[in-house]
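Take a look at the structure set out below.
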Amino acid sequence: MADLKPAYLIHGDDHGAVAERRAGLKALAEQQGDAGSVEVLDGEAGTPAGVALALSAMTFAIGRRVIVVDGVERWKQGEVEQHLTSAMGQMPPETTVALFAREENRSKAPAAVHDAVKRAGGQIVAQTTVKPWELGKWAREQATRMGITLDAAAANALVAQVGGRQQRLLRELEKLSLESDGGEGETKRVSIEDIDRRAAHSAEWRSFELADALVGGDTAQATLSYLRVRRQGERLAGLTYLMAQRVREALAVALRLQAGDSVADVRRGLRMPPRAAERFVADIARTDPDRLRKALGALADMELDSRGGAAIGSSRSSLAMLDEDTIALRAIEVITSLGVVKE
């Protein structure tokens with residue numbers, strides 16, 4: 001089991017990664033001692049003065065004592081120098097201070113915190129988000145570390161399907177590593193076809209497939225996609241959110257096309273695989289913004305009806321007696337039949 005260092009500073013603007021580090025370190029500390037050996041300081045106790053006071057206090061914890069402190073991004077340089085620098089320069093034995101800073105813009109851990117952690121013989125870990133245009137390159141680098149060869153097209157397709165959250169991308173890469181062919185110690189190759197094929201079976205991707213069928217006015221395909229994704233256990237509330245998100249994206253594309261933007265420029269701005277973007281834009285080009293606005297209205301009505309929110313006596317109150325699948329299928333029929341899709 002890894003030994004804990006006297007001090008840690010985990011900081012950065014990737015708040016999800018910072019939270020994961022915090023949970024992992026806390027779990028490790030409890031394994032090496034007990035639940036009472038981990039102290040979490042917040043409020044007045046979670047200040048430089050509060051941490052210094054905690055370091056000087058006696059403890060009856062079994063094993064190593066770990067002090068977890070959040071909100072370090074709010075600390076001031078002068079307060080750290082006044083209260084904490086000297087205290088961390090004389091760390092008590094069998095003690096670890098773990099400082100967490102969820103940084104944004106100008107809210108950052110002061111330089112004095114970095115210096116204090118270094119002098120204590122601790123470790124500093126920066127968890128920073130990758131710029132959107134660098135995510136494909138980042139995904140390839142992470143894949144290489146896992147023994148996966150991911151070409152540029154496959155990496156970009158993965159980012160388009162999974163989204164820009166680095167932690168989720170890592171989880172998907174881990175799944176690909178387990179699922180891909182390759183013997184012990186061999187590099188596993190993942191192509192764009194592998195990414196597309198894998199995504200075709202995911203509930204989220206099928207939710208987008210449903211939304212695309214709504215945009216394209218394809219009643220049969222939309223109905224089939226809905227039934228498939230419901231069989232996979234997708235809740236209607238989450239499905240409604242994904243459909244509305246996709247229709248809003250379609251509306252934005254329709255407005256760009258209406259304003260005279262080229263199809264090629266619009267496709268390049270979409271975060272999805274090239275073939276999917278081509279189909280998506282082609283469907284949108286055959287409709288108009290007004291139809292998509294009405295589709296968003298119909299989705300809002302569907303959400304309200306499925307929650308039994310229609311006012312008693314209103315024209316929609318009778319829908320409250322229907323089950324949510326019937327309400328959703330009626331909404332799909334309404335949306336796909338809105339207006340006339342241009343040929």
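The values are calculated or read from the model by the stated rules, or taken from the named source; none is laboratory data. Given the structure is predicted, the values throughout are model-derived calculations rather than measurements. Backbone-built Cβ (ideal geometry, glycine too); neighbour counts: all protein chains shown. Remember, those area values only see protein heavy atoms, side chains included, never the ligands or the DNA or RNA. Shrake-Rupley method; radii C 1.70, N 1.55, O 1.52, S 1.80 Å.
Restricted to region 243-263, and to residues there that are of a type outside the set (Lys, Arg) and open to solvent by less than 20 Å² (accessible area, probe 1.4 Å), the residue that is modelled with the lowest pLDDT is 243. Against the condition surrounded by 15 or more Cβ atoms within 10 Å (Cβ to Cβ), among the aliphatic types (A, V, I, L, M) and modelled with pLDDT under 90, how does residue 80 come out, does it pass? Against the criterion (surrounded by 15 or more Cβ atoms within 10 Å (Cβ to Cβ), among the aliphatic types (A, V, I, L, M) and modelled with pLDDT under 90), residue 80 does not qualify.
Applying the criterion of being open to solvent by 40 Å² or more (accessible area, probe 1.4 Å) and in contact with a Ser or Thr (Cβ under 8 Å, 6 or more places away or on another chain) to the residues of region 123-152, the residue that is farthest from residue 189 (Cα to Cα) is 146. Scanning region 281-323 for residues being at pLDDT below 85 and closer than 18 Å to residue 223 by Cα gives a total of 4. Of the strands (runs of 3 or more DSSP E) lying entirely inside region 59-151, those containing at least 3 residues that are of a type in the set (A, V, I, L, M, F, W, C) and under 29 Å from the mean Cα position of the chain (by Cα) are 65-69, 95-102, 123-126. Taking region 235-253 as the range and being closer than 13 Å to residue 295 by Cα and of a type in the set (A, V, I, L, M, F, W, C) as the test, the residues that pass are 243, 244, 247, 250, 251.
Between 63, 71, the distinction of being among the small types (Gly, Ala, Ser) and open to solvent by less than 10 Å² (accessible area, probe 1.4 Å) belongs to 71 only. When region 264-278 is limited to residues that are crowded, with 16+ Cβ neighbours inside 10 Å and either out of contact with any Leu (no Cβ under 7 Å at 6 or more places or on another chain) or not small (Gly, Ala, Ser) (or both), the one that is modelled with the lowest pLDDT turns out to be 273.
Being open to solvent by 20 Å² or more (accessible area, probe 1.4 Å) and either of a type outside the set (A, V, I, L, M, F, W, C) or under 30 Å from residue 164 (Cα atoms) (or both) holds for only one residue in 103, 94, and it is 94.
Only residues that are more than 14 Å from residue 215 (Cβ to Cβ) and touching a helix residue (DSSP H, G or I) at 6+ places or on another chain (Cβ under 7 Å) were counted across region 256-265, and they come to 3. For region 110-122, give me each residue that is open to solvent by 10 Å² or more (accessible area, probe 1.4 Å) and either among the small types (Gly, Ala, Ser) or under 23 Å from residue 37 (Cβ atoms) (or both). Within region 110-122, 111, 120, 121, 122 qualify.
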